[in-house]
Amino acid sequence: MLRGFSEIEAKILDAGAGKTVALAGSHALDTLSAVVSARRRGVIKAILIGREEETLALLDQLAESPGDYTILPEEDETAMAARACRLVAEGKADLPMKGIIQ
């Protein structure tokens, strides 16, 4: 039985079972920081969907290379969410994640 997030993370890393997250609304510091942290630890890969310039500025602020991510520019919040869900439906991502969208 796994006890706590650190054991869950260790199991994921040992199994090489990291997932791809499609982040809808990637231009929010809090959410993007969480995704960056998980990617740095090797737990996830990420597809960032949102306002491109803002997302790139935040990645720079976090000292993160945009080349480590797939970035899909999108301005409309509904389109961001739809695109994240479509990526999951198409098998290109494993789960959607809500960023700064209503």
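The values are calculated or read from the model by the stated rules, or taken from the named source; none is laboratory data. For clarity, every value in this text was computed on a predicted model and none was experimentally measured. Counting neighbours? That spans all protein chains shown, and the Cβs are built from the backbone with ideal geometry, glycine included. Ligands, DNA and RNA are excluded from the accessible area calculation, which covers all protein heavy atoms including side chains. Shrake-Rupley method; radii C 1.70, N 1.55, O 1.52, S 1.80 Å.
Among residues of the stretch 65-95 being without any contact (Cβ under 8 Å) to a residue 12 or more places away in the chain, not hydroxyl-bearing (Ser, Thr, Tyr) and not in a helix (DSSP H, G or I), the one that is least open to solvent (accessible area, probe 1.4 Å) is Gly91.
For (1) modelled with pLDDT under 95; (2) touching a strand residue (DSSP E or B) at 6+ places or on another chain (Cβ under 8 Å); (3) within 26 Å of Ser6 (Cα to Cα); (4) polar (S, T, N, Q), each residue gets a yes or a no:
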{"residue": "Glu52", "(1), (2), (3), (4)": "no, yes, no, no"}
{"residue": "Asp60", "(1), (2), (3), (4)": "no, no, no, no"}
{"residue": "Ile71", "(1), (2), (3), (4)": "no, yes, no, no"}
{"residue": "Ala81", "(1), (2), (3), (4)": "no, yes, no, no"}
{"residue": "Cys85", "(1), (2), (3), (4)": "no, yes, no, no"}
{"residue": "Glu90", "(1), (2), (3), (4)": "no, no, no, no"}
{"residue": "Asp94", "(1), (2), (3), (4)": "yes, yes, yes, no"}
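The single condition among (1) at positive phi; (2) over 13 Å from the mean Cα position of the chain (by Cα) that Asp76 does not meet is (1).
I need the full set of residues from the stretch 24-43 which are open to solvent by 30 Å² or more (accessible area, probe 1.4 Å) and not in a helix (DSSP H, G or I), in order please.
From the stretch 24-43, those open to solvent by 30 Å² or more (accessible area, probe 1.4 Å) are 29-30, 33-34, 37, 39-42; that's our starting set.
The answer is Arg41, Gly42.
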